[in-house]
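Colleague: Have a look at this one before I ask anything.
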Amino acid sequence: MAAELITIFVSAVLVNNFVLYYFLGICPFLGVSSKLDSSVGIGMATTFVMTMTALVTWPVYYYFISPETGLNLPFLEYIAFIIVIASLVQFVEMFLRKFFPHLYRALGIYLPLITTNCAILGMALFMVLRQYNYIQSVVFGFGAGCGFTLVIIIMAGIREQLKFSPVPGVFKGAPITLITAGLLALAFMGFAGIITP
Amino acid sequence: MLKKEFIKGLWKENPVLRQLLGMCPTLAVTTSSLNGAAMGLATTFVVLSSGIVVSILRKIIPPQVRIPVFAVIIATFVTIADIVLKAHFPLISRELGPYVPLIVVNCLIMGRQEAFTSKNPIHLSIADTLGMGLGFTWLLVLLGSIREIMGMGTVFGMRIMPSTFEEWIIMVLPAGAFITLGLLAAFYNMINEKKMRS
């Protein structure tokens, strides 16, 4: 049981990293990763919302959407998930503003961005595809968030260095960022051996 | 006017190369030209139909709740696209896997609703979303073809490289996607720079 959960976690963080392996959450990965502190902010906000999403979408799927255990409404799956995520983000924002103003000031501007972060919806879809149980889903959501945070922080560190490097004119901006991400993805392939299927 | 709105998505404001939108499907499904074409056309269908609906409803949707309303409209059309793909093209549907439902959160689609269709009449919205969708599609087909030719020696499933050609496995792996798109984006900048100078 515990070993299985650790496998799910390590696989979500390193081996099948959401950004570098599934290409989920690329928009914030390229858009926000130019500064280290904002990367930490969006990483933490995403991890938080991802874990919450796993906590909420699992019961929604298995009690309402699922053909076997729920009300058999598979055509509502995507609509239900996107509504759950959008309202969750809204709710988290209000909750933080009221009870943790410190944290809210740190994460505030990143929260609305998260609704359209494909990593969140992707996590919910993978959770259903792989038929994880409740605890596995929460660990998976948390791990996926940690993996996202790890890569976006690494990326921000590299990009802060890149600012002082002599990059050829046409490669400035998006192209060099994409190629850096490609090299990072190559490096992360080295983790594939950690888990034997 | 109509033509201008249509043309801009193809090159000048290309959603992927210029605006860096819709990167997830661009990188994830372009392991072959066919997958790229299927994803491009599915996205074009969703952005076009949701653009029409948003444009019709633009005066009724209250601005405070516009994002969730757009999301629900988009999710409806994605569900339609998903069901049609599953029924008529089960092979492609299996290849694309969870990336079909992920069209819901493709920022390209939400971006068009926010920036264009919610402020413009229906005929302009059709031209704009169609241009953006096709601009997205041609890039996906190009990227998919490059990766398929280098990685498997085929294009649209037909073998075009000689049998002595050693496949570059990296091109069909995630790293190849990032690097190829990076080079394409650099190429795009180069052409634009040349145009500006002349």
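Colleague: Looking at the P(r) of segment B:47-121, how many percent of alpha-carbon pairs lie beyond 17 Å?
Modeller: 44 percent
Colleague: Still on this structure: Among the lysines, which fall within straight-line cross-link reach of B:Lys8, defined as a Cα-Cα distance under 29 Å, with same-chain neighbours fewer than 8 residues apart omitted?
Modeller: B:Lys8 reaches A:Lys172, B:Lys59, B:Lys119, B:Lys194, B:Lys195.
Colleague: Determine ³J(HN,Hα), in whole Hz, for all residues of segment A:16-24 in sequence, where each value follows from phi through the Karplus function 6.51 cos²θ - 1.76 cosθ + 1.60 and θ = phi - 60°; x replaces Gly and Pro.
Modeller: 9, 4, 4, 6, 8, 10, 9, 6, 9
Colleague: Could you order peptides A:95-106, B:13-24 by the average number of other Cβ atoms within 10 Å of their residues, highest first?
Modeller: B:13-24, A:95-106
Colleague: Still on this structure, I have one more. At a Förster radius of 30 Å, what calculated FRET efficiency corresponds to the Cβ-Cβ distance of B:Lys195 and A:Arg130, to the nearest 0.05?
Modeller: 0.05
Colleague: Quick one: which residues, 5 or more positions from B:Val155 or on another chain, have an amide H under 5 Å from its amide H? H modelled 1.01 Å from N in the peptide plane, none for Pro or chain starts.
Modeller: Here the answer is B:Ile160, since their amide H atoms fall under 5 Å of that of B:Val155.
Colleague: Hey, what's the Kirkwood Rh for the protein assembly as shown if you take every pair of different alpha carbons, in angstrom? Intermediate results must be reported in sequence, preceding the final value.
Modeller: Values: mean 1/r = 0.0461 Å⁻¹.
After inverting the pairwise mean of 1/r, the radius is 21.7 Å.
Colleague: Then there's this: Per the Kirkwood treatment, what hydrodynamic radius in Å, one decimal, follows for chain A from the mean inverse distance over all distinct Cα pairs?
Modeller: Radius from the Kirkwood sum: 17.7 Å.
Colleague: Among the trypsin sites (Lys or Arg not before Pro) within segment B:46-102, which fall in a DSSP loop and have no more than 14 other Cβ atoms within 10 Å of their own Cβ?
Modeller: When the trypsin sites (Lys or Arg not before Pro) of segment B:46-102 are filtered for loop state and at most 14 Cβ neighbours within 10 Å, B:Lys59 remain.
Colleague: Still on this structure, please answer the following. At what distance in angstrom do the alpha carbon centres of segment B:98-175 and segment A:68-87 lie from each other?
Modeller: First find each Cα centre; the distance between them is then 27 Å.
Colleague: I'd like to know how segment A:146-197 sits against the 2.2 N^0.38 Å rule of thumb: what's its Cα Rg over that expected value?
Modeller: Working: Rg = 13.4 Å, N = 52, 2.2 N^0.38 = 9.9 Å.
That ratio works out to 1.35.
Colleague: OK, next. Sort all Cα-Cα distances of segment A:92-196 into consecutive 5 angstrom bins from zero, then give the percent of pairs in each bin up to the one containing the longest distance.
Modeller: Result, from short to long distances: 2, 9, 12, 15, 19, 16, 13, 8, 4, 1, 0 percent.
Colleague: Next question. List B:Phe6, B:Phe178, B:Phe77 from most exposed to least, where exposure is judged by having the fewest other Cβ atoms within 10 Å.
Modeller: By the 10 Å Cβ count, ascending, the order reads B:Phe6, B:Phe77, B:Phe178.
Colleague: Please give the average number of partner chain Cβ atoms lying within 10 Å of the Cβ of each residue in B:15-26, rounded to a whole number.
Modeller: Averaged over the peptide's residues, the number is 4.
Colleague: Which chymotrypsin sites (Phe, Trp or Tyr not before Pro) in segment A:110-197 sit in a loop by DSSP (not H, G, I, E or B) and have at most 14 other Cβ atoms within 10 Å of their own Cβ?
Modeller: A:Phe164
Colleague: Once both labels are modelled 7 Å past Cα along the beta-carbon direction, what's the B:Glu13-A:Ser165 spacing in nm?
Modeller: Taking the simple label geometry, B:Glu13 and A:Ser165 are separated by 3.3 nm.
Colleague: Further, regarding this structure: Take every residue in peptide B:59-69, count the Cβ atoms of other chains within 10 Å of its Cβ, and give the average of those counts.
Modeller: That works out to 1 on average.
Colleague: Gap in Å between the Cα centre of segment A:1-54 and the Cα centre of segment A:122-190?
Modeller: Answer, in whole Å: 7.
Colleague: Compactness ratio of chain B: Cα Rg over 2.2 N^0.38 Å, N = residue count? Can you show the working numbers first?
Modeller: Details: Rg = 17.7 Å, N = 198, 2.2 N^0.38 = 16.4 Å.
Compactness ratio reported: 1.08.
Quick note: the coordinates plus some simple rules give every number you see, no bench work behind them. Keep in mind it's a predicted model, so treat the numbers as computed, not measured. In this analysis, Cβ positions are derived from the backbone assuming ideal geometry, glycine residues included, and neighbour counts consider all displayed protein chains.
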